[in-house]
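This report concerns only the one structure given below.
Since every read-out is calculated from the coordinates, none of them should be taken as a lab result. Note that the coordinates shown come from a computational prediction; the quantities given were computed from them, not determined experimentally. Cβ: placed from backbone, ideal geometry, glycine included. Neighbour counts: every protein chain shown.
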Amino acid sequence: MRERTNRHAWRACVGQPTVGSNPTPSAMIDFEAAMSLALDEARAALAHGDVPVGAVVILGDEVVARRHNEREISGDPTAHAELLALRDAARAAGSWRLSGATVVVTLEPCAMCAGAMVNARVAQVVFGAADPKAGACGSLYNLATDPRLNHEFVVIGGILQGACAALLSEFFAAKR
Ligand SMILES: [Zn+2]
């Protein structure tokens, strides 16, 4: 199959795990299964014309939040999947502090979302496709492992990256 070109160039970068200084979460997580849930969420964003990005938050071995991008439908510039999922997770946990949490998201988090993850003290972030235009977990910035910040988290990229990137490419190709 020929690779479809698109102006947003959601390149599928090979995920290189970046190890932060925090201990890894105790629970063993099936990253691909969790990413499949995030992909289901991402597809739900298509129903209202939002860029298909989905995120889930795992605490212990439980999925406590699953959301998708709602920027268009809510008219809210901060309504990224990860932020909405962090809010739900904090509500479920009864605390803003999400120590031990894993965020699984189809696209590398932006600076806003990565900043929120630092503030939420999450343990790790697992993403699908890298975002060379806005990614802040290794592509443009790395807010996950900046020693000037008061928290660092582990980043694992490239989980089901083909499916995650294809969903975005198809969305932008269809908009042209
Ligand atoms: Zn974001």
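Observations on the model:
- Residue tally, condition more than 11 Å from the ligand (Cβ to nearest atom), assigned to a strand (DSSP E or B) and touching a Phe, Trp or Tyr at 6+ places or on another chain (Cβ under 8 Å), over the stretch 101-119: 2
- Among residues of the stretch 44-75 being within 14 Å of Ala116 (Cβ to Cβ) and within 12 Å of the ligand (Cβ to nearest atom), the one that is surrounded by the most Cβ atoms within 10 Å (Cβ to Cβ) is Ala55.
- Counting the residues of the stretch 76-95 that are part of a helix (DSSP H, G or I) and within 16 Å of the ligand (Cβ to nearest atom) gives 9.
- Restricting the stretch 112-163 to residues that are touching a Cys at 6+ places or on another chain (Cβ under 8 Å), closer than 16 Å to Leu86 by Cβ and of a type in the set (Gly, Ala, Ser), the residue that is surrounded by the fewest Cβ atoms within 10 Å (Cβ to Cβ): Ala136
- Filter pass, Ala45 being within 12 Å of Leu167 (Cβ to Cβ) and of a type in the set (Gly, Ala, Ser): yes
- Residue match in the stretch 146-161 (condition: under 20 Å from Leu46 (Cβ atoms), within 15 Å of the ligand (Cβ to nearest atom) and of a type outside the set (Asp, Glu)): no
- Remark: Phe127 falls outside the filter, which requires a residue to be aromatic (Phe, Trp, Tyr), more than 12 Å from the ligand (Cβ to nearest atom) and not in a loop (DSSP other than H, G, I, E, B).
- The residues listed here are Leu140, Leu168; of these, the one that is within 14 Å of the ligand (Cβ to nearest atom), farther than 20 Å from Asp30 by Cβ and touching a strand residue (DSSP E or B) at 6+ places or on another chain (Cβ under 8 Å) is Leu168.
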